[in-house]
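Please read the structure below before turning to the comments.
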Amino acid sequence: MPATADTQARSISCVIPCYNEAANLRHLLPLLEDILWATRLRWEIIVVDDGSTDDTAAVAQAWCELSGFRCISLSRNFGKEAALTAGLAAANGDAVVLLDGDLQHTPELIHAMIAQWVAGAEVVYAVRQERSDESRFKQIGSKLFYKFVNSSDRFEVPKDAGDFRLMDRKVVDALMSLPERSRFMKGLYAWVGFRAVALPYTPAPRAEGTTTFNARRLLSLAIDGLTAFTTWPLRLVSVVGLLLAVPAFAYGAYVAVDHLLFGNSVSGWTTIVVSLMFFIGIQMISTGIVGEYIARIYEEVKGRPLYVVRREHGSGLEVEET
């Protein structure tokens, strides 16, 4: 059994969201098991299969023959945010560690996270030390994203921090109490607050396969984050409209007065056509921004579940009676 001390000892849950990570799980699970045994805590490992099309579920289910392992298979691919939420909902540990299944989140760092947690930290999150392995486009996009999403002074999303983190039970409970379905987890981690400690690390190379997070999915995730935690795009529309409307009215008044007082003919049809196209373009962009927020409202009011579980295997930590 995955227990060492008495039944009152602290416990830890590891949640691994996976999409087509069968080859990587074969390396990760035995490594993670050894690391958790060394912590001398009660533990469980929860693999969330997010609708994989390879042998991810089969590999995880084979490990579920052992105590402490659990596999939750979703009915289809709902996305990483939903898979993380499913794992958090199933975790019973006093602390929960989130890490990817591709071995880029170094499992050995869990020891340092636990040490910070025992010392009093309620959140311990890993921060990338550098991004030299990423394209120039992604680096610039990342900088712009964090600048925009942190435009609010109410809270700050840590730059270069991802899902690799340890959270105390009270933090997990706070996250699970949030009712929203458009879940941008990086923002939610920061929004709930608590005492947090940053832990620098350098991601390891992906062990097997290629990442499924292409430019389109990253852009979609960035839009979700911006619309979920900021309202500056809506305010920007108002500001741009004001900046364009005031000079336009002033120029219109000038042309009218010039014609009435001096009889100058009104000319410049090309300018008028170009100006109309410009303002129509601004209106279309403004409508699109408003539409993004309306789409989020539409998704929320439908009230559909964030994910659907197809089947579960294995058993993790038992919930202790209080």
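Give me the net charge of D163's neighbourhood, meaning all other residues with Cβ under 11 Å from the Cβ of D163; Lys, Arg count +1, Asp, Glu -1. Before the final figure, lay out the partial values.
Details: positive: K80, R165, K186; negative: E81, D100.
Within the 11 Å Cβ shell, the charges total +1.
Tell me, what HN-Hα J-couplings in whole Hz come from the Karplus equation 6.51 cos²θ - 1.76 cosθ + 1.60 at θ = phi - 60° for each residue of the range 292-306, using x for Gly and Pro?
Karplus values, whole Hz, x for Gly and Pro: 4, 5, 5, 4, 5, 4, 4, 5, 6, 6, 5, x, 6, x, 5.
Classify the range 48-139: rounded, prolate or oblate, from the alpha-carbon gyration tensor (a ≥ b ≥ c, eigenvalue square roots; a/c under 1.5 rounded; otherwise prolate if a/b is larger than b/c)?
Judged from the Cα gyration tensor, the range 48-139 comes out oblate (a/c at least 1.5, b/c at or above a/b).
On a full-extension model of 0.36 nm per residue, what is the gain between R40 and M176, subtracting their alpha-carbon distance, rounded to one decimal in nm? Each step should come with its number before you reach the end.
Numbers: separation 136, 0.36 × 136 = 48.96 nm, distance 2.73 nm.
Result for the pair: 46.2 nm of gain on full extension.
With a 1.4 Å probe and every protein chain left in place, tell me how much accessible area Y298 has, in Å² to the nearest 10.
Only protein atoms counted, so the area is about 130 Å².
Full extension from A245 to M284: what is 0.36 nm times the residue separation minus their Cα-Cα distance, to one decimal in nm?
Computed gain between A245 and M284 is 12.5 nm.
Keeping all protein chains in the complex and leaving out DNA, RNA and ligands, what accessible area do you get for V246 with a 1.4 Å probe, in Å² to the nearest 10?
The accessible area of V246 comes to roughly 80 Å².
Compute the length gained on full extension between W191 and V309: take 0.36 nm times their separation in residues and subtract their Cα-Cα distance, giving the result in nm to one decimal.
Extra length from W191 to V309 when fully extended: 39.8 nm.
Let's test the formula: R0 of 41 Å, r as the Cβ-Cβ distance of E108 and I272. What FRET efficiency results, to the nearest 0.05?
0.05
What number comes out for the charge environment of Y307, summing +1 per Lys or Arg and -1 per Asp or Glu over other residues with Cβ under 15 Å away?
Taking every other residue near Y307 into account, the sum is +2.
Points 7 angstrom from Cα along the Cβ direction at V301 and R76: gap in nanometres?
2.4 nm
Points 7 angstrom from Cα along the Cβ direction at H27 and E65: gap in nanometres?
So the label points at H27 and E65 sit 2.4 nm apart.
Under a 1.4 angstrom probe, counting protein chains only, how are T287, T85 ranked by accessible area, largest first?
Output order, biggest surface exposure first: T287, T85.
Not counting ligands, DNA or RNA, and with a 1.4 Å probe, what is K80's accessible surface area in Å² rounded to the nearest 10?
Here the accessible area works out near 40 Å².
The values are calculated or read from the model by the stated rules, or taken from the named source; none is laboratory data. The structure displayed is predicted, hence computed values, not measured ones. Note: ideal-geometry Cβ built from the backbone for every residue, glycine included; neighbour counts use all protein chains shown. Accessible surface is based on the protein model in full, side chains and every heavy atom, while ligands, DNA and RNA are left aside. Shrake-Rupley method; radii C 1.70, N 1.55, O 1.52, S 1.80 Å.
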